[in-house]
Structures are given as C-alpha cells and as structure tokens.
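Student: Please see the structure below; I have some questions.
Every number here is computed from the coordinates shown, using simple stated rules; none is lab data. Everything numeric here is computed off the predicted structure, so don't read it as measured data. In this analysis, Cβ positions are derived from the backbone assuming ideal geometry, glycine residues included, and neighbour counts consider all displayed protein chains.
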Amino acid sequence: MVAASSRKRKGKIRWSKLYSFAACFRPLTSKERLAARELIGQPGFSRVVFCNEPHLHKRKPYKYPYNYISTTKYNVLTFLPRALFEQFRRVANFYFLLAAIFSLFSLAPFSRASLIAPLVFVVGISMLKEAVEDWHRFLQDLDVNNRTVKTHISNGVFVDKLWKELRVGDVVKVNKGEYFPSDLLLLSSGNEDGVCYVETMNLDGETNLKIKRCLEASLCLNEDEEFSKFKATVHCEDPNPNLYTFVGNIEFEKESYPLSPSQLLLRDSKLRNTDYIYGVVIFSGHDTKAVRNSTRSPSKRSRIERKMDHIIYILFSMLVLVSLVSSFGSLLYLRQDMVDWWYLQLPDDNKVNDPSKPVQSAGLQFIRALILYGYLIPISLYVSIEVVKVLQTMLINKDIELYDDVTCKSVQARTSNLNEELGQVEMILSDKTGTLTCNQMEFRKCSIAGVSYGGDITEVDLAASMRMNADFEPFEFSIDETDGATRSFEPFEFSVSSFSAQNGNARLTKTEGPVIKGFNFRDDRLTNENWIHGSNLFDITMFFRVMALCHTGIPLEDDNHKMDKLSYEAESPEEVSFLIASQEFGFQFCRRTQSLMVLREFDPSSMKEVEREYKLLNLLEFSSSRKRMSVIVSNEDGQIFLLCKGADSIIFDRLADNGRAYEQATTMHLSSYAEDGLRTLAFAYRTIEAAEYESWNTIFTQAKATIGPEREELLEQASETIEKDLILLGVVAVEDKLQKGVPECIDKLAQAGLKIWLLTGDKRETAINIGFACSLLRQDMKQFHLSLSRDAESNNQVKDMKEDILQQIESSYKMVCEERNKEAPFGLVIDGKALEIALRGDVKDEFLQLAVNCASVICCRVSPKQKALITRLVKQYTGKTTLAIGDGANDVGMIQEADIGVGISGMEGMQAVMASDFSLPQFRFLERLLIVHGHWCYQRISKMVLYFVYKNVAFGLTLFYYELYTSFSGEVLYDDWYMTMFNVMLTSLPVIALGVLEQDVSSDICLQFPALYQQGPRNVHFSWSRIIGWILNGVVSSLVIFLANIYILSPTAMRENGFVADIDSLGATTYTCIIWTVNCQIALITSHFTWIQHLSIWGSILLWYIFLLVYGALPPNFSGNAFQVLVEGIGPAPLYWMITVLVVVVSLLPYFIHIVIQRSYFPMDDHIIQEMEQCYKKYDVRDNEMWVREQRNSQRSTRIGFSARVDAKILSFNQQLQQKKLSIYRSVTNSPIYRSITTSPFS
Amino acid sequence: MGLYDILFIGFIFIPVGLVTLRASHSVVEIVERYDIGCVPEPFRINKVSYIQDDSIPKNCSLSFKVPKYMKAPIYIYYQLDNYYQNHRRYVKSRSDKQLLHGQNQHGISSCQPVEVNNDRPIIPCGLIAWSLFNDTFTFIRNRAELKVNRKNIAWKSDREHKFGKNVYPFNFQNGTLIGGGKLNPRIPLSDQEDLIVWMRTSALPSFRKLYGRIEKDLDVDDVVVVHLMNNYNTYSFGGKKKLVLSTTSWLGGKNDFLGLAYVFIGSSSVTIAVVFTLLHLLSQRH
C-alpha cells in the first residue's frame, strides 16, 4: 500500500557490500550445520512444510491450523460454565449461592424469591460485563484476522487474501511498511542480493532495523511469475516461543540447504526500507513465535479490592459470631424454657425447635442464622463496584482533556478493574522510545571549531529567572520600607533577572520559518549559507563533509517532493537528521553508488553550488563496542580523508596532538548540551597519505576475508590502526525528540511524589541523554554507573561478575548513606549485563536497596524479559504499587507484570496496547490520568466500599438484635420484600452515584495541588483504622436505630386511637429509620453534589415510601401483614415521624462530631483545600496569597523533574547574586563618598 | 456545615422534646397486675393445675382508685409479659388466605401444627388463633357498670380486607388440646375483633393489646372494680398478666422516652457546639 501510493525509486545497491561487520551474514560453521542436520526429524523438529502447496496441509499428517488468531477468553459454548465458575469463585457469591440453595428448604428464614433474585441479578450483571469485554476482544481479533496480504494462487498470480485464510505453505508477497501476517521463510526481496530490513519494535522494542537475508538458491525467485512452478520442502523445528532460534533446512531443486534465523521473518514485525519480499508461510496463527511468546494477560486486582476481601472476611467472621450466639441462645431457650411454652405446641416437625434434641436444633438454627444475617455481607458490593467502575471508565474515556487531536485518539481504560489503583501508584517504570520520545531525531545544536551554534538559553534558565523575579518582588517590597539603604540594589537585581528572562524569551520566540522534520536549528550564523563568513572556513566545510559523508544512509527520490530537497533513509534516525541538516547547510548528499558518494556542495569561493564526487574507499562500521564510525574517502583531487564520528570520549582519545585546538571549548559545549539532554557526537577527520592507505588496506582486506571467530577481532584491530591522530572539528547535538509535554508531565508526577524509573533497550548514552532531557538526571546529581568491568566480562565467570557488581553496589550505597545532605539527589544508571547479575538471588536485595534510595534510576540495554523481571522485583521488594508504561511489544512483559500496565496507542504497534490496562495516545496524559482520575477513583471506591460496609452492618445487626427478643427463633422484623429491596433498590443508586461522580476537589485543583495525590499511596482513605471506624459507626447506628424504636414503640399506644405497634408497624418504622439513616449518611460523605446525587439520595428515600404505599395497597394475599401498613398503621401516627427524625440525627451524630473534630483540629489536605475554595469562592481564588502559599507547599520537594532543576538553578543563581551583592556592597562601603555620608555630622 | 448545624439541631430538638414530654405527662395510665392475685390462696403452689382445672371457677375481681382525672376515651389493654408471640414458629402458623376466603381455599399447610382436626380443616387455623387470649373484664364504678365499647379495636383494613365477612369459625378448639379462647361460630371472622387484634402479633415478648374503650370520663378517686374471668394460662411459662387503663394524647400512650431523648440530644448538641466554639476561639487555626 505504501509503495503503491508514493512510488519511490532507489539506486540498487548491494547493501551487503557496505557492511563489513554485519554479523548476521556469518555463514554457519560446519559444526553447526551438522548439528542442525542431526536435529531435523527428531522429536521437536518434525515439522514439514510443502512450499507453494498449501492444499497438502489441509489433511493429516501435515494438517496445521489456519492463520486465525483468537485472544478471547470464552467461546459460545464455554462461556456459561466458565463465566459461572469465575463468578462463584468469589467467596461472597458462593455464600449467596449456598444461601439460595438452602432457601429451597423450609429452613431458610426468607422466601425463595427474595434470596435467589438478588443473586441472579448480581451474577447476571457481572457475567454480562464479562461477555461485553470478551466481545470487544473478539472484534479486535476480527480486525487483525481480516487484514489482507497478497498471496500466490497459481500460475504466478497473486491476489489479496485475508490473514485468517492463510495456510502453511502459502507464498505471500509483503510490501514495504506492511506487517508480516505469520512467520515467513524469506525467499527473495526487492533488493538484488535478497536482503531485507525488518523492524522488530513490536517484538523486542529495538528501534534499529534488523537485516534478514534469503538463501542464495532462492534469489532468483524475485518476480511474480517465478512462482508458477516453484516447489520446495522445508523440514524444521516445531512451533516454539523462542524468537531468536530457528533450525531447519529446505529442499529446493533436489538440493538441501540449511536454514537459520536470518531467513525467518516473524509475525508482528514489519518490512522496512525494502520494496517487497516473497516468503512462504512456515508457522501460522497460534503456532507463530510471536503468539507463542505472548502470555495471557493476567487478571489484575487492585489493592483496594484485595483489601476488600479481608473486609469481607471480617464481616464473615462477624456473621459466624452472631450466628453462633444465636444458635447458642436458642440452645439455652430450648433446654430451659421453651418446653413450657404451650402456645408453640412443640416439638416441631422440622426439628428446628425440638427440646428433646436441643443440640441438633441449635445446629439447624445456626445454619438458619447464617442465612438470616446474610445482610451483613454486602451482596451487591461486587456488582455495584463493577457497575461503578464501568461508569468510571466511561468518564475517563470521554474526558476531553485526555483527547489527542493529533492522533484522534483518546485515553482508553481497557480493563475497568484498576481505576482506583491509578490513585495509589508510587512507582512508574517507563519505556523510552515511543513512550517518552517520538523516536525522531532533531538536529539542535552544534559546536564547530570551538564556537557553539544554535542558541544557548535553555528553558530551565528561563523558568529559573522567571521564578526568581516572582519571588523577589514581595521580598524586596518589605525590605524597601524598613531599610532605605537596600534600595540601591534593587535595579541591579531586577536587571539580572529580567535580562535573562527577556533574553531567553527573545531567543525562544524566534521560531518562525518553515518547519523541517528532523531539523530544529535556529542560528543565522550558519543557516542560509551565512557560514561562509565564519572564521574557520576550512574546518566548517570539513565538518559539514563529515556530516554528509560519514553515514550509511541513502537518498530517496520522491516525486511528490520538490526536487531540490531530498529525504533520506538510514539505519538510525540520527543519521537521517544529520543528512537533513547537512542538506540545509548546503551540503546535499544526492547520490550513492557502490563506491561513489555525490555531494552537491555550496562553494564559498564561487558562491555557487557544485557537484562533487567522493570515492568511498572503506566503511568502518558503527558498533556498540567501538562507539564510532568512519569512512575513508578520496576527493576529486585524490586526497584521502578519514572522516570519523563517534562518542566524544572515544574521539577525544584518538586526537592528534595538533588536532586538539578546539578541545577545551568543545568540551564545555559538550557538557552544556549533555545537561539539556541532547545526544552528542564528535566529528573529526584526518588526511591519509596514499602509501599509508595502501599498506593499511591490504591488512584490512585480509581481515575481511578471514572466516572464523577471529575475524571480528582482526577487523577491529585493523580499524584501530587507521582511526588515530584525528583532528577535532566539533560536536553536534541532536535531540531525541521528546513527546509533547513529557518534561512537564514528569515534573508534575514527581511533585506528586511518584518515582520514575526509565527502562530502555537503548544504549546507555541515549538513555542518559533522555534522562537529562526529562530532568530525571541533572548535572549536580551524583550518578552511579553500574556496569561490568572489562576484566570481569571477558572472564565470563559468574562469580567474578557477581563480586564485581556487588562491590560497586556496596560502595555506592555507602556513599548514599554517608551523604549528610538529605536532599542530595542520586542517580543510578545500570546496563543490561550488570542488571542481569544484579537481579540474581543474592545480589538482588542490595541492588534494590540502593535503587530505591536513588532519586532516579535508569536501566539501559535491558531485554524485555529483564524489564518484566525488574518490575516484578520492585513490586515485591518495595510492596508499592507500580505502573509500567510502554509502547512496544518489548514492553508487554513489563506491562503485564506491573500492577497497572499502560500502553501508548499513538504508535502503530498494538501489542502493548493489547496487553495494557489503560492505553494513552501520549505519555503526557499520564499526568491527568493519575493525578486527577486516579485520585478521584481511589477516593470514590474507598468511600464507596466503606459506606457499603457501614450500611450493611447497620442493617444486618438490627436483625440480630431482634433475635435477642424472639428467643432466637429466627423471626425477622422486616417483611421479606423490604429486605430484598434494601440492597437492590433503596440504597444502591446513591452509592453508585457516589462511586461515579464524587470529587473531593475539582480537577484543576488536583493538578494545582499534586501533593493531594499522596493520599492514595499512603492509603489514608482505606486504612484499617478507617475500616474499623466505619464498622463501629455501623454498629452504633444499628444500636441507636433498634433501641430507640423498641423503647419508644413498646409497649404503649403509638396513636391517639389507642392502637399499639405490632410486629409489622415496628418493622416498617425501624426500616424507615434505616433507610433514612443510611441515605443521609451518604449525603454527609458526599462532598460534590450534582442533581444526580440529590435525585438518587432523596429519590431513594422517597422510593421507600412509594414502595411501602404500593406494596401496602396490593391485596393482602400478596402483601401479607404489610397490608396498608403505612396508610392505616404508622403513617397517621406523629410518633412514627418523630422517631425517624430523632433516630436519623442521633445515629449520624457520632460521624458528624468526628468530622467536626477532624476538620477543626486534624484537617487533611483535601479538607483545607475545600475550605479555602469555599472561603474564596467570591473572589478570584488564584490571586490569593494563601492560595499560592498552600499550592507551593503542596508540591512535594522533589529531587527529579523540571522544577527540581529550576530549584537547583535558583540556588546557584542566588549564590552568584549574593556574591555580587557582597562585592558591590564592599565597593560601595569602601568608597569615600559612602564613608563621608556615614560619618557625616548630620546623622 | 459544621458547628452551626449542630447548634441548629439543638435549638430545634429542645422545644420539640419539651412539647412531647408535656403530651406524655398529660396521659394517665393505670397498670394492675392480676395473674397472681386472681389465683386463690390454696392453689398458689401449683398455679398450672389451677388454671387447667375446668371445674374451678375462674372469676376474680380487683379494684383500684383512679389517681387523676381521666378523660374519655379510656383505652383498656391487657398486657402479657414473657409471652413470645414473635416466635418464628408461632408467627408463621396462620393462613391469611383462609382467614379471608374460608374453607374452600387450600394452602393451610402454613398453619402447622393446627391445621386439621378429625380430618376437617380448622377455621381459623394455626397456632395464633388457637392460643387466643380469653380473659374477660367487666368494669363497675359506683355500683354501676361502665360500658366497654369493644368495637373498632382492630385495624379497619384488617376487618375489611383480611378477615372474610363470610368466613365463620369452624371446627375451632375441638381437638384434644384446647389452647385459648373459643369463638362464636355464628359471627363472621371480620366481626371477631378480639381475634383480629390477637392475630396482629406483637413484636416483643412483652406487649399490650387493646381490649376495649370506656367512653366515660373517670374522676379522681373514683374506685373502679373489675370483675374478670382469669381463663388464660400464663402460669406454665411464668408470664405475667396485667390490666391497663390509659388515656392517650396526640402522641399516643405514655411515652417519656421520646421526649427525654429529644431534650437530651438537643441539649448535648448545644453543649458540644458551645464547647467547640470556645475551643475554636482559643486556638485559632488558619
């Protein structure tokens, strides 16, 4: 599709020739060849694929599945049994199931319908939710399965076929930019030499492209027509999850060739930089390595929900306790008194009241009591929580502030289980590429010949000076009045701060002009060919030449584009940005042939563009150990240059004595670039004499021709000898472009007290750069770098490595402990290999101890598995809630392992999103998601659960108290239907409204006072003291309600006409009190009222009266003793209404007094803010001094983030200022005029 | 919300409580226990055998002085203590269908263990009806009988909708075990108000039930003599029987608890509010 829309041509190059070190081309050694051959046909290696004959795979024994993928949990048949099983695994549901079964016998104290109906309702809703979620998964699968790919049918004709219909043996053609539909064996590619480039970001998160190469034998198959007669047989390993191995051979034209992983194209990876490939399907559907490698996302439960289980257990023990009391009580009554109660005509037929067998009867009474007091267990809690969470996720999904208008995507809560967990996060583990950064490099600054270009005022300086201005104003004002002498310094202070602010503003606002992707450089001295006026013209031109020649990129001729500007393709995005930059500076790289590079240079002498050809003699490739890359070129005059770019430390080591002219200035620039998080590379060159080159080239060619393990070493040695005596030209700084709003977001999260760890598969340098760019690291931070020393690494002895790492950890930890300044920040940088050792059993604890004590931790070069492992260990070690955020398939493990997994949905890959619990279009939305929605949801759910416990205890215990008055016979004070209505209708809506809409403070204020977020991690709203408090509150309420009712209503008349209260009047009155109390209680809890809350709370109370009226109006056959109870019995009695008022007030009084005391003497953060908000509602709150002060206070003093950097900067500014002040003061006081004034006779 | 609300509650509750207390104090109530006094001296050792022996006459009389002027209507209650009318087995042992529709209706299984006698259904069935209270009272003042109005002592809705107009007692108290009172088989259930009152089971083991009304005022120091038939057996389970005469106010009967509760809550709210205000003034918080 991509290729079809914009036809791009490319000079056909044998790419393989460009790469001298490409390890993947290493031919198999004979030993390995033998091993592979022996394995084939053995168990585990028995797969046979008939290429281009998919019909053979329809029948046994070669029947393999279609390429259909399903990630759903259930199917039509398994849904009912499995979903039911899941439901009844919950203790509470199982209990209610038992209760429902018991209700079929006469033992139960309630009618069948009143026990079964709520259970069916609750389980039904939960199952419905499961079904809907699974349906969404099904639709997602459908989307993937219905993608199309060009597939060979016959006679060289390729047609579009759905992915799901693909079979093993099919020959497919995949175009540039498309995903591979299944695991393919590469047959040939659009490049002559059968090489293709694959982006495996979805599999391992690595951004650099992987090279795959087909067998020589199948090279010829690069046209559609070739496949009409193509036949081959592949013998290979069985499906397995291992991404990096593949063993097999192919029989093609009666010859057998061994296959290796470099011929295997994996599902979920993408074709890049190659027009098309042909491949044959080897593994399909669930057999593919990517699918095998993926794990089912585990079902996660939030902390609150887990704690809720404990609450349920407490309530269960309460239930068992009161049931025991009841059964014991009934035992006593049966033994002693009940024989004499002639009006009962004992013994009972159903053995519940058999005085001759009191123990048996008591046992049965126990079971009855278990069911009777079941109202202590909030049956609707789970279902209400699920309903609430679904509604909460809808609110999150629909939040307009979380909508990204660039990608037109919004935040998606993919599971609703973890909303409140968002409010308790303490640790964020973040991926880098694609999450924090856009995976896009921008050319930002450069330092050429000791002069820095591209501006030097950073945003940190700007923010620091702005803040200082703000701080000084009130401060100086106060001084102003008290001491006239300081007045003289005022202008000076203002000038310093305002100068830097203005200066910064001027520089930063100067961003007009067309935006060029990958080029964000503003300096008039270099752009528009102004560099020709520079002083070191030769160095500048050489600098640009290095930029334009030392790379592996190729230009793309794009018809859609203007002809004078080219776009480029290269192995890394950095190189692309260099090429674009050099093009902007007037050194356009326009052609590359096998041995020739053509530049269109701007010639300063003739002021014209000239085309120059450079012969590419050698290319010394970049590798992570060498950290540099060089090209050896000769220009038209035959001069031979070695152009080198590389890490600054490496280049500086190799400079010639006469090449260090700019070293000092450049080093300074380097450190300032690095502080801003820019990625720097140093450029250098040397001229080589023809003779020297010749002799070197023979060595190099020899090394290149060597076959065997020593080849790489030889090549490295050879390059070592030529890459020396370099002359430094300067450095470039490219920005690994951060996504929009990332630094601000990290800053806010840090202020909210969250720790952020960076886990990346990228190089250490890049990781550190990003650490600086995000303000996770800064210059005045002590950094610990943990890595394996060379010795330990070369020995490859686990023991040595362990000792090495352990020693590093211990010494670092000692430093942390010895640091006196508690605020001093530490940064820890560790690489993958060291991490592997550090995460082993015995070193683990030391490492985590150190890591937890560091303000920021950066792990680089970590594998996806390690990411998951770190996440798990951090979770276990610290016991804190972790959130993992990432965008690629390499983050899937981490996302699944963390308490909350967040996927970035802005990119193309879907794996991370599929595995995640929340998906964001961009990182910056994390701020609002956590600080606003997380905080709210946490508050909502905790309030809701606590309230649920309260209302069920308050209600359930009244049943128990009544038992004390009925000789524990199991009689219920209320009508069955009142009770059924309790959880389902009369108290459910307000609590759902609370759970969905409650806000302690508005979203703006949440963001302004990030410290409020700490309530979640500290779990203030759901601590055990709170839980016990609410249970006690419920006990008190139930006591008040019950006792007040029985003492007031019994035994005297309740109405003027002399009628006394019977069991039904008492029941209805008591129940009215309960409904009023629990609903008024929720009104007291709610701090954010909308009409919905009002409607649900007061509506519930009204509904009770309506229900009583309607139920009482039904014929007595149906309503029983509740017939006309409101109209005839209690309604006309003033006593009834007076009891209601009294009971509601008394039972709420304890809570009321509690909050009055708390708010007056032990206010929490949200209380203060709420009060301030109310006090200042009339005025513009934000201007208020108190507001600003509280706001400042509420930002946690952080050691990372932009603010922390600004603080550090202010500190240093202040120190400088102080010194200047002092010096001025000295000079003034030492001046004769001052002396004469101070000693003047007038004073 | 805060202290002002508490203060507000206080200022509302105290007057309401006082008014309620006043209403409660205006009610005159006379309670006379008679279950022991009505057993002749020789039988006091074994009261159960006395009450179960039909040959001994059960009439008995007691007299009391009216302590305060009692304005008509004066309600007569009988009060039973330690009588578990709310026992589950007892409460469930009735058939509302039968009470309304009579014999042709099925579904009297709920009446266990008093459903049938001699293979014929009992109307009204069930333990509650079977144990009907059957002490009777006549009141004499100044040698003249005080008329007791025994109509309209049950809920109107019960009389009209729950107890059938065409349902007559049948086969009632015919078994070997005789529980409480008998019913006149010629009066329909809807007019058997004693039964209807009895069938509204009480909530607590100590309860009063309306017996009738005296529609004449009683003066201070009037001596009232009560002739009663002490038929009902509370002796086997140690229950007490009391006769209660009471006037009512708008609030109902004598009910000091409610008024006291209102006054108590009101005054404690005011106290709390005052204490907190003082504390607040002493330690200003910003």
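Student: Where the centroid of each part is defined by its Cα atoms, how far is region B:227-280 from region A:236-291 in Å?
Tutor: 89
Student: Using θ = phi - 60° and the Karplus relation 6.51 cos²θ - 1.76 cosθ + 1.60, list the HN-Hα couplings for region A:608-614 in order, rounded to whole Hz, with x at every Gly or Pro.
Tutor: Whole-Hz 3J(HN,Hα) from phi for region A:608-614: 9, 8, 10, 9, 10, 9, 10.
Student: Still on this structure, I have one more. Using the Karplus equation 6.51 cos²θ - 1.76 cosθ + 1.60 (θ = phi - 60°), what ³J(HN,Hα) coupling, rounded to whole Hz, does each residue of region A:170-181 give in order, writing x for Gly and Pro?
Tutor: So the Karplus estimates, Gly and Pro as x, are 5, 9, 10, 10, 10, 8, 3, x, 9, 7, 6, x Hz.
Student: Over region A:1096-1148, what is the relative contact order in whole percent, taking alpha-carbon pairs under 8 Å and six or more residues apart?
Tutor: After rounding, I find 20 percent.
Student: Using the structure shown, list the pairs from A:LYS289/A:LYS833; A:LYS161/A:LYS398; A:LYS565/A:LYS740; A:LYS608/A:LYS724; A:LYS270/A:LYS865 with a Cα-Cα distance above 32 Å, or answer none.
Tutor: A:LYS161/A:LYS398; A:LYS608/A:LYS724
Student: Then there's this: Could you line up A:PHE578, A:PHE585, B:PHE237 from fewest to most neighbouring Cβ atoms inside 10 Å?
Tutor: Ordered from fewest to most neighbouring Cβ atoms within 10 Å, A:PHE578, A:PHE585, B:PHE237 come out as B:PHE237, A:PHE585, A:PHE578.
Student: Sticking with this structure for a sec: Sort all Cα-Cα distances of region A:217-269 into consecutive 5 angstrom bins from zero, then give the percent of pairs in each bin up to the one containing the longest distance.
Tutor: 4, 16, 25, 22, 19, 12, 3
Student: Non-local amide H neighbours of A:PHE519 (under 5 Å, H modeled in plane, Pro and chain starts lacking H): which ones?
Tutor: Under 5 Å from the amide H of A:PHE519 lie the amide H atoms of A:PHE443, each far enough along the sequence or on another chain.
Student: Could you put B:ASP135, A:ASP725 in order, starting from the residue whose Cβ has the fewest other Cβ atoms within 10 Å?
Tutor: Final ranking by Cβ density, sparse to dense: A:ASP725, B:ASP135.
Student: In square nanometres, what is the average projected area of the Cα convex hull of region A:135-261?
Tutor: 8.8
Student: Taking the Cα atoms of region A:901-958, report the difference between the largest and smallest coordinate on each principal axis, in whole Å and largest first.
Tutor: Largest to smallest, the principal-axis extents are 59, 21, 10 Å.
Student: Would you calculate a helix-derived [θ] at 222 nm for the protein assembly as shown, using -39,500 (n - 2.57) for each DSSP H run of n ≥ 4 and dividing by the full residue count, to the nearest 500?
Tutor: Using -39500 (n - 2.57) per qualifying helix, the result is -13500 deg cm²/dmol.
Student: Beyond 21 Å, what share of the Cα-Cα pairs of region B:157-230 remains, rounded to the nearest whole percent?
Tutor: Everything past 21 Å amounts to 48 percent.
Student: Quick one: what does P(r) look like for region A:940-988 with 10 Å bins over all Cα pairs, in whole %?
Tutor: 24, 45, 24, 6, 0
Student: Where the Cα atoms of region A:222-332 are projected onto their three principal axes, how long is each span, largest first, in whole Å?
Tutor: 95, 31, 24
Student: Now for a separate question. Using only the Cα atoms of region A:525-675, what are the Rg and Dmax in Å?
Tutor: Using the Cα atoms of region A:525-675, the pair Rg, Dmax is 15.7, 49 Å.
Student: Taking region B:30-73, which chymotrypsin sites (Phe, Trp or Tyr not before Pro) meet the DSSP loop condition and have no more than 15 other C-beta atoms within 10 Å? It would help to have the intermediate numbers written out before the result.
Tutor: Details: sites: B:TYR34, B:PHE43, B:TYR50, B:PHE64, B:TYR69; in loops: B:TYR34, B:TYR69.
Those satisfying the criteria are B:TYR69.
Student: Post the alpha-carbon centroid distance, region A:41-75 to region A:1114-1170, in whole angstrom.
Tutor: Using only Cα atoms, the two centres lie 68 Å from each other.
Student: Please report, in whole Å, how far the alpha carbons of the protein assembly as shown spread along each principal axis, starting with the longest.
Tutor: So the extents along the principal axes, rounded to whole Å, are 152, 117, 58.
Student: While we're here: With 5 Å bins from zero, work out the P(r) of region A:842-933 over every alpha carbon pair and list the percent per bin.
Tutor: 3, 14, 21, 24, 20, 11, 5, 1, 0
Student: Which translational diffusion coefficient, to the nearest whole µm²/s, is obtained for region A:242-281 from the Stokes-Einstein equation, given a Kirkwood hydrodynamic radius over C-alpha pairs, 37 °C and 0.692 mPa s?
Tutor: Answer from the Stokes-Einstein relation: 274 µm²/s.
Student: Quick one: pull the percentage of alpha-carbon pairs in region A:882-1023 with a separation above 18 Å. Don't skip to the answer; put the middle values down first.
Tutor: Values: 6867 of 10011 pairs.
Of the Cα pairs, 69 percent sit more than 18 Å apart.
Student: Next question, about the same structure. Computed over the Cα atoms, what is the radius of gyration of region A:385-452 divided by 2.2 N^0.38 Å, N being its residue count?
Tutor: Working it through for region A:385-452, the quotient is 1.77.
Student: Per residue, how big is the convex hull around the C-alpha atoms of region B:92-169? Give it to me in cubic angstrom, could you?
Tutor: Given the Cα convex hull of region B:92-169, per-residue volume reads 123 Å³.
Student: To continue, here is another question. Whole angstrom only: what separates the Cα centroid of region B:171-207 from the Cα centroid of region A:118-176?
Tutor: 74
Student: Oh, and also: Where does each of A:THR698, A:THR288, A:THR233 land when they are ranked from fewest to most other beta-carbon atoms within 10 angstrom? Write out the running numbers ahead of the final one.
Tutor: Numbers: A:THR698 11, A:THR288 25, A:THR233 16.
Least crowded to most crowded, the residues run A:THR698, A:THR233, A:THR288.
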